[in-house]
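Trainee: Below you'll find the structure I mean.
The values are calculated or read from the model by the stated rules, or taken from the named source; none is laboratory data. Remember, it's a predicted structure, so these values are computed and weren't measured experimentally. A quick note on method: Cβ atoms are made from the backbone with ideal geometry, for glycine too, and the neighbour counts reach across all protein chains shown.
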Amino acid sequence: MLEKTVFFRATAEADSLPKSVAEIIFSGRSNVGKSSVINALCSQKNLARISKTPGRTRSINVYSVSLRKWIIDLPGYGFARVSLQEKELWNKMMEECIIKRNSNKTVYIIVDAFVGPTELDFDMAKWLKEYNISFKIIANKCDKVPQNIPEDEIRSKAAECFGTDKSNVFTVSAKKRNGFSKLKTDILKFFNS
Ligand SMILES: Nc1nc2c(ncn2[C@@H]2O[C@H](COP(=O)(O)OP(=O)(O)OP(=O)(O)O)[C@@H](O)[C@H]2O)c(=O)[nH]1
């Protein structure tokens, strides 16, 4: 369904993002696979640009699902080779994009299922909690996790670490395009609510 509805893609600065009534925001560490997740979610190959080089997604990518319903792809955090000034700009962008925009929103924090969540991911979750913004977790790169570790265990651990319910954690592999049906259902439920 999502693949049929995404019809528009744009790049924007945080303070000039179009108005929306509902938006899904993807956030996560640099190179965690945000672009790959968006492509898999929309069953497309090149909607979002994938790169082996961390920090490739620098501006905000906006995908419209329908009129005034958006998927927003934020630049990754935690990329080591950025200046303090760039980090400050990033923080400002988060504020403009997430806090100041008056829309119904859910943030999906994408984490690496193999490496596990990092302090920066927990900081992000803490910050969202402070502002009362709802967030969910996507554990990507599950294809790298040893097969004897059940995905249910990954979900339980992540839920515990982030202080959320297990139903708010999704395990996927963007590379293998596995695990996306539950995530799609969740996103469509949000957009249709
Ligand atoms: N093994 C594996 N690799 C993946 C998966 N998803 C993404 N990758 C790889 O991870 C790297 C980064 O993917 P991107 O989708 O560009 O990541 P990003 O988070 O958008 O990157 P930034 O531009 O740094 O924000 C690429 O080499 C992908 O092929 C996955 O599910 N499994």
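Trainee: If you go through the stretch 158-183, how many residues are assigned to a helix (DSSP H, G or I), in contact (Cβ under 8 Å) with a residue 24 or more places away in the chain and more than 16 Å from the ligand (Cβ to nearest atom)?
Mentor: Keep residues of the stretch 158-183 that are assigned to a helix (DSSP H, G or I), which gives 158-162, 166-168, 180-183.
Still in the list and also in contact (Cβ under 8 Å) with a residue 24 or more places away in the chain: 158, 161-162, 168, 180, 183.
If we keep only those that are more than 16 Å from the ligand (Cβ to nearest atom) too, we end up with 161-162, 168.
Selection size over the stretch 158-183: 3.
Trainee: Oh, and also: Of the residues in the stretch 109-126, how many are part of a strand (DSSP E or B) and β-branched (Val, Ile, Thr)?
Mentor: The first filter runs over the stretch 109-126 and keeps only residues part of a strand (DSSP E or B), leaving 109-112.
Pick out the ones that are also β-branched (Val, Ile, Thr) and you get 109-111.
So the count comes out to 3.
Trainee: Can you say whether Leu183 is touching a Gly at 6+ places or on another chain (Cβ under 8 Å) and not β-branched (Val, Ile, Thr), as far as the supplied structure shows? Don't jump to the end; show me each part of the working.
Mentor: On the way: touching a Gly at 6+ places or on another chain (Cβ under 8 Å): no; not β-branched (Val, Ile, Thr): yes.
Taking the combined requirement at face value, the residue does not satisfy it.
Trainee: Let me ask something else. Can you name every residue in the stretch 109-132 that is within 16 Å of the ligand (Cβ to nearest atom) and under 16 Å from the mean Cα position of the chain (by Cα)?
Mentor: Initially, the stretch 109-132 is screened for residues within 16 Å of the ligand (Cβ to nearest atom), giving 109-118, 120-121, 124.
Once the filter is applied, which keeps residues that are within 16 Å of the ligand (Cβ to nearest atom) and under 16 Å from the mean Cα position of the chain (by Cα), the stretch 109-132 yields Ile109, Ile110, Val111, Asp112, Ala113, Gly116, Pro117, Thr118, Leu120, Asp121, Met124.
Trainee: With the stretch 1-108 as the region, which strands (runs of 3 or more DSSP E) entirely inside it contain at least 2 residues that are more than 16 Å from the ligand (Cβ to nearest atom) and at pLDDT below 75?
Mentor: Working: elements: 8-12, 22-28, 60-66, 69-73.
Passing ranges, in order: 8-12.
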